[in-house]
Amino acid sequence: MLKTTQHNNVISVYLDIFTGWEQWFLLSSDRHHDSLDCNRTLEKEHLDKAIERKALIIDVGDLVDAMQGRFDPRRAYSDLRPEYKREDYYDAIVNDMAEFYKPYAKNWLLMGRGNHEVAITKNANTDMTARLVGALNTTEGCHVLEGGYGGWIRFMFDKTNHKSHINLKYFHGAGGEAPVTKGVIQTNRQAVYLPDADVVLNGHNHNEYILSIKRERVSNKGQLYFDLCHYVRTPGYSNGYKDGSLGWEVERGGVPKPQGCVWMKMYLGSNDRIKMDFIADIE
């Protein structure tokens with residue numbers, strides 16, 4: 001079992017590295033799994049690939065959609081999947097999702113929260129993230145961690161008297177869909193107040209980008225060096241635009257969005273340095 005510790009909203013993941021070592025991660029958000037608009041075929045394809053690659057799964061919110069509850073003004077009976085047309089609507093979603101994700105639970109590192117999960121807790125008095133994590137962790141060998149709307153994951157590496165770490169900051173996201181900038185403008189804002197991050201992972205607006213910013217740094221020993229911070233936004237698996245004829249996305253002036261995830265690969269490079277590659281897997 002992977003060794004992890006959690007203190008407040010900082011998770012530490014301890015990884016042993018060796019010559020030829022590599023570790024894959026599936027980075028995702030905005031699955032909206034219970035929605036009719038979720039591309040479950042693509043979602044399952046990527047989850048199966050995570051098993052094949054022994055990838056750890058990091059999801060940063062809006063795993064659930066749950067917009068058909070009585071409190072939600074956007075609810076529409078016609079938007080319900082048949083299996084959720086019942087009085088215990090939220091229970092049905094949690095139970096169904098637990099069964100769907102159970103085969104992947106041993107690979108699942110983090111389930112964060114998005115605006116949909118937060119709204120459900122506020123308006124319906126149930127924490128669907130906590131309930132789903134609790135259900136998955138009843139499976140032997142599973143230790144899925146609950147995340148917040150934002151938080152940190154520290155990857156701690158140990159290799160023959162050489163210790164290092166990589167800091168990943170995740171934040172579900174805020175604001176509108178950013179039709180012009182796609183949210184990329186936020187990278188410069190985040191660079192100001194997240195100086196300790198090596199990776200910044202966002203979701204929320206269903207856009208996708210991978211952008212790296214090079215930084216000039218000074219070490220504790222007064223040595224000048226340069227490093228990179230990688231900014232990643234994952235689009236999710238929801239297609240509310242459909243054919244562009246009708247629906248909430250079309251009526252509000254929304255645009256087609258990609259669906260999918262981003263793969264992050266860490267591996268041992270020259271001089272025992274940990275390197276990272278990022279690959280968008282979208283359609």
Discussion item. Please verify whether A191 is in contact (Cβ under 8 Å) with a residue 12 or more places away in the chain, part of a loop (DSSP other than H, G, I, E, B) and hydrophobic (A, V, I, L, M, F, W, C), treating the condition exactly as stated.
Written reply: no
Item to complete: State whether one or more residues within the stretch 201-211 are of a type in the set (F, W, Y), more than 24 Å from S12 (Cα to Cα) and surrounded by 17 or more Cβ atoms within 10 Å (Cβ to Cβ).
Response: yes
Worksheet entry | Filter result for the condition that a residue is in contact (Cβ under 8 Å) with a residue 60 or more places away in the chain and either in contact with a Cys (Cβ under 8 Å, 6 or more places away or on another chain) or hydroxyl-bearing (S, T, Y) (or both), over S12, S78 | S12
Item to complete: Would you check if there is a residue in the stretch 69-92 being surrounded by 16 or more Cβ atoms within 10 Å (Cβ to Cβ) and closer than 27 Å to W152 by Cα?
Response: no
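Could you tell me whether the stretch 62-77 includes any residue that is farther than 27 Å from I166 by Cα, assigned to a helix (DSSP H, G or I) and modelled with pLDDT under 95?
yes
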Worksheet item: All but one of (1) under 20 Å from N8 (Cα atoms); (2) in contact with a Leu (Cβ under 7 Å, 6 or more places away or on another chain) hold for T129; which doesn't?
Response: (2)
Discussion item. I'd like the residue in the stretch 240-274 that is within 30 Å of D48 (Cα to Cα) and of a type in the set (V, I, T) and, out of all such residues, is surrounded by the most Cβ atoms within 10 Å (Cβ to Cβ).
Written reply: V262
Practice prompt. Kindly provide the set of residues from the stretch 120-169 that are crowded, with 17+ Cβ neighbours inside 10 Å, in a strand (DSSP E or B) and of a type in the set (A, V, I, L, M), ordered by number.
Written response: L145, I153, I166, L168
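The values are calculated or read from the model by the stated rules, or taken from the named source; none is laboratory data. Remember, predicted model here, so these are calculated numbers, not experimental data. With ideal geometry, Cβ positions are generated from the backbone for all residues, glycine too; neighbour counts draw on all protein chains shown.
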